[in-house]
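The values are calculated or read from the model by the stated rules, or taken from the named source; none is laboratory data. As the structure is a computational prediction, the values presented were derived from the model and not from experiment. Cβ placement follows ideal geometry from the backbone for every residue including glycine, while neighbour counts extend to all protein chains displayed.
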Amino acid sequence: MKKLLLLLMLLFFVSCDTTSSKDEKNEKASEVEIIEAEVEEVVEEEQSQEDELVFTENDDFYIYGEEFSPEEVLDAQTLNEKYASMKVGDSLPLMAKANVNSVCKKKGCWMKLDLAEEQEAMVRFKDYGFFVPKDIDGNEVIVSGHAFIEETSVEDLRHYAEDEGQTEEEIAAITKPKRTLSFQATGVLLAKE
């Protein structure tokens, strides 16, 4: 972003120069064109980085975030039991496997996992450092990170409902904070089909 601002400032100063000779004006016009091209390239690069899913892959999985080996992976039922024994502020490092109930439809910046017994875990990605595909509802994933309990505000619950594509009536019906089963993922594995 700093690079973009510097290029724009340079473009402004070059375009405001009141030189009088034709050669100088042509030279300044060429400089402006070069700077405009550089600005466009920086903007496209930043947009591309925003839109790109950061992932790698191996023979079995698409890997989002940090790569990890799925060892001692808890199933959804066991993860749900772990959450049942936790209170707000508790945190457990672990790996778990579950089906995706829903994903942020705007960016893929969060997802909800089905934990059995009508429970869900809200998964966000460490430092907003990666996203998952927006169309993986129903797919099984393995997450690595920290499970924890938090209380989610009405404002955040409404924001998530909007991201999920819920109606205005459904969003307006959210009036109380909620004890949330949360997970901060450092990595997500999505099985290849």
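Can you tell me how many residues in the stretch 160-190 are basic (K, R) and assigned to a loop (DSSP other than H, G, I, E, B)?
Selection size over the stretch 160-190: 1.
Residue-by-condition table, conditions (1) at pLDDT below 95; (2) within 20 Å of V73 (Cβ to Cβ):
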{"residue": "G145", "(1), (2)": "no, yes"}
{"residue": "Q166", "(1), (2)": "yes, no"}
{"residue": "T186", "(1), (2)": "no, yes"}
{"residue": "E193", "(1), (2)": "yes, yes"}
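Out of S153, S144, report the one residue that is among the hydroxyl-bearing types (S, T, Y) and touching a Pro at 6+ places or on another chain (Cβ under 6 Å).
S153
Of the residues that sit in the stretch 60-77 and are of a type in the set (S, T, Y) and surrounded by 15 or more Cβ atoms within 10 Å (Cβ to Cβ), which one is farthest from L181 (Cα to Cα)?
The qualifying residue farthest from L181 (Cα to Cα) is Y62.
Collect the residues in the stretch 87-115 that are closer than 22 Å to K178 by Cβ and either exposed (fewer than 15 other Cβ atoms within 10 Å of the Cβ) or polar (S, T, N, Q) (or both), keeping them in residue-number order.
K87, V88, G89, D90, S91, N99, N101, S102, K105, K106, listed by residue number.
Consider V43 carefully, then state whether it is surrounded by 15 or more Cβ atoms within 10 Å (Cβ to Cβ), part of a helix (DSSP H, G or I) and modelled with pLDDT under 95.
no
Based on this model, can you work out whether D135 counts as surrounded by fewer than 16 Cβ atoms within 10 Å (Cβ to Cβ) and either at pLDDT below 95 or in contact with a strand residue (DSSP E or B) (Cβ under 9 Å, 6 or more places away or on another chain) (or both)?
yes
Filtering the stretch 163-193 down to residues that are β-branched (V, I, T) and touching a residue at least 40 places away in the same chain (Cβ under 8 Å), which residue is surrounded by the most Cβ atoms within 10 Å (Cβ to Cβ)?
Among those residues, the one meeting the criterion is V188.
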